[in-house]
1. Report, in whole Å, the centroid distance computed from the Cα atoms of region 198-251 and region 35-55.
2. Counting alpha carbon pairs within less than 8 Å and at least 6 residues apart, what relative contact order, in whole percent, applies to the chain?
3. So, for the chain, what is the accessible surface per residue at a probe of 1.4 Å, expressed in square angstrom?
4. Can you give the accessible area of TYR25, probe radius 1.4 Å, in Å² rounded to 10?
5. Do any trypsin sites (Lys or Arg not before Pro) in region 56-132 lie in a DSSP loop with no more than 11 other beta carbon atoms within 10 Å, and if so, which?
6. Where the accessible area of the chain is counted over protein heavy atoms with a 1.4 Å probe, how much of it, in %, is carbon and sulfur?
7. Just to confirm the number: angle between the C-alpha axis of helix 139-150 and the first principal axis of the chain, 0 to 90 degrees, nearest 10?
8. Taking a virtual spin label 7 Å from the Cα of HIS102 along the C-beta vector, which residues in region 44-76 bring their backbone nitrogen under 18 Å of it?
Amino acid sequence: MTKIIDGKAISQAIKDECRAQAAKYKEKGTEFTFAVIQVGSDPASTVYVKNKKKGCEYIGINSLSYELAEETSEDYLLKLIDELNANEKVTGILVQLPLPKHIDEDKVILAIDPDKDVDCFHPENVGNLSLGRDGFLPCTPAGIIELLKRSGIEIAGKECVIIGRSNIVGKPMALLLLRENATVTIAHSKTKNLAEVTQRADILIVAVGRPKMITAEYIKDGAVVIDVGIHRDENNKLCGDVDFSSAMPLCSAITPVPGGVGPMTIAMLLKNCLNARRK
Ligand code: GUN
């Protein structure tokens, strides 16, 4: 029987833990304020930003939101980030990606105070992560580790294959799996014989960004499959990078889309928000 990993339930448990922790901090007089900036009105970003604000409300921390026009200049955005960096009440800052083409994403990430970088995108935080030092954790990869652990899936010693080498998912995912003592392979668009590589995986993490690309032929019997993708299929239904109906019968466990990895990203962001004062 394939286990369907319930990301909604696991993320709810984490949010409830955060809520209890936030209440304790409040009793001691410690307050948190999370600032989220969106430039433009990309519909997916609007939904993510709304959910991030709702998450803050749920756990009981303050949120500030800046919804800026598509034409906002890079200078204006960088000045706003400087102000938020300097504001002692603000403990976390997140700039929703992607940004409009006229804004340099790298410059923006570098401008955020590393101590307030709850996305864990700043090179200082990525460096700490790669050295195994304490600090913020990248939200989606950390959410995947939680999904595995809370589903009773052992990571140490396992062959883990990640498809995708992005800075947001693939690369930090590899670092977190290494921390858990997995054997890690990153596959990507130039990988030869992809199915041969992915067939080795006890745990296969798919972040390719192509709807339903990963079918049964890529999967070893009994593998755990984690699907990071989210798309609309030809019938306008949400789907992932994995062809769920083809892959599912082979898997010992699999995440659905929606309701798998997606809700975990916000839960882990809220966890980072509460860790901000520790630094
Ligand atoms: N766009 C897609 N995922 C993310 C994320 O985790 N953080 C930010 N800031 N933007 C995103």
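1. So the two Cα centres are separated by 27 Å.
2. Values: 537 pairs, mean separation 61.4, N = 279.
That works out to 22 percent.
3. Working: 13680 Å² over 279 residues.
Value for the chain: 49 Å² per residue.
4. 40 Å²
5. Details: sites: LYS79, LYS89, LYS101, LYS107, LYS116; in loops: LYS89, LYS101.
Qualifying residues, ordered by number: LYS89, LYS101.
6. Result for the chain: 50 percent of the exposed heavy-atom area is carbon or sulfur.
7. Result, in degrees: 50.
8. Within reach of a label on HIS102, which here means backbone N under 18 Å from a point 7 Å along Cα→Cβ, region 44-76 contributes 67-76.
The values are calculated or read from the model by the stated rules, or taken from the named source; none is laboratory data. Keep in mind the model is a prediction, meaning the values are calculated, not measured. Because the Cβ atoms are built from the backbone with ideal geometry, glycine has one as well, and the counts that use them run over all protein chains shown. All accessible areas refer to the heavy atoms of the entire protein, side chains included, with ligands and DNA or RNA removed. Shrake-Rupley method; radii C 1.70, N 1.55, O 1.52, S 1.80 Å.
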